[in-house]
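Taking it in order: structure first as structure tokens, then the write-up.
The values are calculated or read from the model by the stated rules, or taken from the named source; none is laboratory data. A quick note: this is a predicted structure, and the numbers were derived from the prediction, not measured. Neighbour counts are summed over all protein chains in view; Cβ atoms, including those assigned to glycine, are modelled from backbone coordinates with ideal geometry.
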């Protein structure tokens, strides 16, 4: 299992340069590039939190689980990849409060799943 970091895509969508992101994160440009290019061995939760605040996104948009070849039929992996692709909906669209609650519950579930996956992977 691989976790893909969609930092470059989201950063470009928000019109933020690597230098600007590094400055706002109070982090070196080299470390931002390591995260963006998938070279970072780990990303601390506080850094993920700051990234999401700056980029105005959810952790589930930033991190996407990509299945290995041997688990290509995993429904969870497929749904997470599809959801990550669909979450680029404009915030200009008015969403009824019931839908907002449903979306928050779904995001919370995805975040718990990602944390469990990352925790089990780091324990292995």
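Things to note:
- Matching residues in segment 38-54 - criterion: being free of Cβ contacts under 8 Å to residues at least 12 places away in the same chain and either in contact with a strand residue (DSSP E or B) (Cβ under 6 Å, 6 or more places away or on another chain) or exposed (fewer than 13 other Cβ atoms within 10 Å of the Cβ) (or both): 39, 41, 44, 45, 46, 49, 53
Residue-by-condition table, conditions (1) within 22 Å of residue 13 (Cα to Cα); (2) modelled with pLDDT under 60:
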position	(1), (2)
47	yes, no
64	yes, no
69	no, no
91	yes, yes
108	no, no
113	no, no
